1. I'd like the full set of residues that are under 17 Å from residue 189 (Cβ atoms) and buried (at least 23 other Cβ atoms within 10 Å of the Cβ), limited to the range 144-154.
2. Taking the conditions exactly as written (surrounded by fewer than 21 Cβ atoms within 10 Å (Cβ to Cβ), part of a helix (DSSP H, G or I) and of a type in the set (A, V, I, L, M)), does residue 106 satisfy them or not?
3. May I ask you to list the residues in the range 93-130 that are over 17 Å from residue 61 (Cβ atoms) and among the β-branched types (Val, Ile, Thr)?
4. Any residue in the range 95-117 that is touching a residue at least 60 places away in the same chain (Cβ under 8 Å) and within 18 Å of residue 135 (Cα to Cα) sitting within a Cβ distance under 7 Å of a residue that is of a type in the set (D, E, K, R) and assigned to a helix (DSSP H, G or I)? List the pairs, counting only those 6 or more apart or interchain.
5. Which residues, counting only those in the range 151-205, are of a type in the set (Lys, Arg), modelled with pLDDT of 95 or more and assigned to a loop (DSSP other than H, G, I, E, B)?
6. Any chance the range 125-137 includes a residue that's among the charged types (D, E, K, R) and within 18 Å of residue 31 (Cα to Cα)?
7. Looking for whichever is surrounded by 21 or more Cβ atoms within 10 Å (Cβ to Cβ) and in contact with a strand residue (DSSP E or B) (Cβ under 7 Å, 6 or more places away or on another chain) here; the options are 113, 84, 98. Which one fits?
8. It is to be established whether one or more residues within the range 76-96 are in a helix (DSSP H, G or I), touching a Phe, Trp or Tyr at 6+ places or on another chain (Cβ under 9 Å) and at pLDDT 95 or above.
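The values are calculated or read from the model by the stated rules, or taken from the named source; none is laboratory data. Predicted, not measured: the structure shown is a model, and the values here were computed from it. Cβ atoms come from the backbone with ideal geometry, glycine included; neighbour counts cover every protein chain shown.
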Amino acid sequence: MPFASVARVASTDEFDWSLTEIPTPRAALRSQLEFSWMELRRRLVSVTQDEFVWEPVPGALSVRRRSESVAARTFGVGDWVVEWPEGPDSPGPRTVAWLVAHLTEVLTERYDWTFGGHRLRRPDLSYSGEVGPAVTALTRVADAWRSGIAELPDAEIFTVGLSQATSIDAAAPFAQLVLHVNREIIHHGSEIFTLTDLHRAGFRG
């Protein structure tokens, strides 16, 4: 597993408030990342299988058995595939399973192409339509990403090309990528909160 040897980072049940008192860009980025992930992780540990695969509308993008998906585009190795929209302007409704898989592939690519072996892409990964393994995989890579940034010297936070995940990343100061990933966690985390709130309130569309 590519994330087995990462350094220990703070428990997701904790938040290091001292980060808010450190006057450096890296501390500000870490503060946003750590708090946002803590909030999302607390919700993820309570998500049930029914909530995980609930479709807000029939045919919502999800993670399905390879033999059961009828989506035009999919990716992933193994029994499960992640359904992908036909184009960037037509993402369509998504399940919590899809959102967790998406965050997993985003964080995996960015971690591997910054701190890892520079080889992993979203089609190379295994995904799961079962909540336990899927949340475990996301937590593992989120902890690896958090650890990599925690260990990064302050002087390197604006290094151009520190990540080679995409051509945009390669041309940008690393801090811009951290902000982008933070936005992904906040944005898709909010969707996960909304979907689970609706399901728990009895909404079935």
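1. The first filter runs over the range 144-154 and keeps only residues under 17 Å from residue 189 (Cβ atoms), leaving 145-146.
Residue satisfying the conditions is 145 alone.
2. Working: surrounded by fewer than 21 Cβ atoms within 10 Å (Cβ to Cβ): yes; part of a helix (DSSP H, G or I): yes; of a type in the set (A, V, I, L, M): yes.
Yes; evaluated as a whole, the condition is true for this residue.
3. Hits for the range 93-130 are 108, 114.
4. These pairs meet every condition: 96/51; 99/191; 103/184; 106/184.
5. Taking the range 151-205 first, the residues of a type in the set (Lys, Arg) are 183, 200, 204.
Narrowing the set further to residues that are modelled with pLDDT of 95 or more leaves 183, 200.
Result: no residue meets the conditions.
6. As a first pass, look at the range 125-137 and keep what is among the charged types (D, E, K, R): 130.
When the remaining residues are screened for being within 18 Å of residue 31 (Cα to Cα), the result is none.
Scanning the range 125-137 turns up no residue that is among the charged types (D, E, K, R) and within 18 Å of residue 31 (Cα to Cα).
7. Numbers: 113 fails: in contact with a strand residue (DSSP E or B) (Cβ under 7 Å, 6 or more places away or on another chain); 84 fails: surrounded by 21 or more Cβ atoms within 10 Å (Cβ to Cβ).
Testing whether each residue is surrounded by 21 or more Cβ atoms within 10 Å (Cβ to Cβ) and in contact with a strand residue (DSSP E or B) (Cβ under 7 Å, 6 or more places away or on another chain) leaves just 98.
8. Just the residues of the range 76-96 that are in a helix (DSSP H, G or I), to begin with: 96.
Still in the list and also touching a Phe, Trp or Tyr at 6+ places or on another chain (Cβ under 9 Å): 96.
This time we only want the ones that are at pLDDT 95 or above, so: 96.
Looking for residues that are in a helix (DSSP H, G or I), touching a Phe, Trp or Tyr at 6+ places or on another chain (Cβ under 9 Å) and at pLDDT 95 or above, one finds at least one in the range 76-96, hence yes.
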